[in-house]
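**Q** My structure is below; once you've seen it, I'll send some questions.
The values are calculated or read from the model by the stated rules, or taken from the named source; none is laboratory data. Computed from a predicted structure; not experimentally measured. Here the Cβ positions follow ideal geometry from the backbone for every residue, glycine too, while neighbour counts run over all protein chains shown.
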Amino acid sequence: MLYLGHVVSVSIKKIDFLVYLAPPTITAGQTHQMSNVTEHAPFFDPNLFRPSEYTAMLIQQIRENGSAIKCKTTLEIGCGSGVVLAALAREGASRVCGVDIEADAISMSAQTLTDAGYLDVADLHRGDMWAMVPGRVFDVVVANLPQAPTENQEVDGRHLSWNFGGSSGRALLDKFLNGVAAHLAADGWGLITHFDPIDVAKTIEMLNASGLEAKVVMTRLLTYSQERLNALVPEVVASKVGKSIIFYGKHVFSEVHIVEFRRIGGMRA
Ligand SMILES: C[S@@+](CC[C@H](N)C(=O)[O-])C[C@H]1O[C@@H](n2cnc3c(N)ncnc32)[C@H](O)[C@@H]1O
């Protein structure tokens, strides 16, 4: 089935980007105009944004932390289908803010939040990560970022931006880690998915260096398709075979973690 999103075009300080604003967040004085949605978010295939097993792990942790999400402001970087935003809203988040680089992800997120009945607590922004939330802080920040060590190969019929992590796999992850502390409230906390082969110890070190404590709270061995494996930088695969990339004949599995982080000394809700 094909969907059309409901996208509002906003121009602020000569920077043009797309933003979906649920009606309650549209306030007098802002410049809003309904755009021709086909200009920015043409018909799209919802299958492009089908949730993955990583998504399911993140949602499981969100569900297990419901009491620390209730009445909190939340942000997801890379909201894709919008299903993680819906999970945050279902746990009682006061607001869910989603950012994604793809226009059709914003349309898909708006559709998911509409279907789930949470559009009134949402604001959605199309653009590059932290640039879409300048100066804003959130109680809870979550992300399931692209983190395949791959140069330029689309896999599984997705957009390249779904998986692309550059040759180290860390291009988006490092950008996230370098910015997250500035967007966390004083007692803020968050969750990220983490493909093991791209060095979870380095991620924890980077979070610590930003004044955040961090730990792995969940690890799963997931299936990994040959198509995805073939798209990876061979050196990364070679260094992890038998460790966190496991072969049984032609069948491949890989380890994925959920990393939780919070301000050092931050209060647990
Ligand atoms: C692995 S998918 C996760 C989607 C969704 N959160 C989920 O768990 O199902 C990564 C998402 O990050 C988005 N993305 C990639 N680069 C981005 C960037 N620079 N800023 C914001 N979003 C980005 C992609 O478009 C994609 O929707």
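**Q** For the stretch 76-107, enumerate the residues that are surrounded by fewer than 24 Cβ atoms within 10 Å (Cβ to Cβ), near the ligand (Cβ under 8 Å from one of its atoms) and hydrophobic (A, V, I, L, M, F, W, C).
**A** Residues satisfying the conditions are V83, I101.
This table checks each residue for (1) β-branched (V, I, T); (2) under 30 Å from A103 (Cα atoms).
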| residue | (1), (2) |
| --- | --- |
| K175 | no, yes |
| V180 | yes, yes |
| V241 | yes, no |
| F253 | no, no |
| H257 | no, yes |
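**Q** Any residue at all in the stretch 242-255 that's within 28 Å of L75 (Cα to Cα) and in contact (Cβ under 8 Å) with a residue 24 or more places away in the chain?
**A** The answer is yes, given that some residue of the stretch 242-255 is within 28 Å of L75 (Cα to Cα) and in contact (Cβ under 8 Å) with a residue 24 or more places away in the chain.
**Q** Test each condition in (1) charged (D, E, K, R); (2) more than 14 Å from the ligand (Cβ to nearest atom); (3) in a helix (DSSP H, G or I) for K70 and report the one that comes out false.
**A** Only one criterion in (1) charged (D, E, K, R); (2) more than 14 Å from the ligand (Cβ to nearest atom); (3) in a helix (DSSP H, G or I) is unmet by K70, namely (3).
**Q** Please tell me if I62 is hydrophobic (A, V, I, L, M, F, W, C), within 9 Å of the ligand (Cβ to nearest atom) and modelled with pLDDT of 95 or more.
**A** no
**Q** Another question about this same structure. For the stretch 54-102, give me each residue that is out of contact with any helix residue (DSSP H, G or I) (no Cβ under 8 Å at 6 or more places or on another chain) and charged (D, E, K, R).
**A** Within the stretch 54-102, E64, K70, K72 meet the criteria.
**Q** Can you work out which of the residues in the stretch 145-166 that are farther than 16 Å from S52 by Cβ and assigned to a loop (DSSP other than H, G, I, E, B) is nearest to the chain's Cα centre (by Cα)?
**A** My answer is P149.
**Q** Could you tell me how many of the residues in the stretch 226-269 are in a helix (DSSP H, G or I), over 25 Å from A56 (Cβ atoms) and of a type outside the set (D, E)?
**A** Residues in the stretch 226-269 being in a helix (DSSP H, G or I), over 25 Å from A56 (Cβ atoms) and of a type outside the set (D, E): 3 in total.
Let's see how each residue does on (1) out of contact with any Cys (no Cβ under 8 Å at 6 or more places or on another chain); (2) in contact (Cβ under 8 Å) with a residue 12 or more places away in the chain; (3) among the basic types (K, R):
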{"site": "D115", "(1), (2), (3)": "yes, no, no"}
{"site": "D123", "(1), (2), (3)": "no, yes, no"}
{"site": "F138", "(1), (2), (3)": "no, yes, no"}
{"site": "A143", "(1), (2), (3)": "yes, yes, no"}
{"site": "A148", "(1), (2), (3)": "yes, yes, no"}
{"site": "Q153", "(1), (2), (3)": "yes, yes, no"}
{"site": "D156", "(1), (2), (3)": "yes, yes, no"}
{"site": "H159", "(1), (2), (3)": "yes, yes, no"}
{"site": "N163", "(1), (2), (3)": "yes, yes, no"}
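**Q** Determine which single condition I192 fails, assuming it passes every other condition in (1) surrounded by fewer than 16 Cβ atoms within 10 Å (Cβ to Cβ); (2) part of a strand (DSSP E or B); (3) within 11 Å of the ligand (Cβ to nearest atom).
**A** Evaluating I192 over (1) surrounded by fewer than 16 Cβ atoms within 10 Å (Cβ to Cβ); (2) part of a strand (DSSP E or B); (3) within 11 Å of the ligand (Cβ to nearest atom) leaves (1) as the failure.
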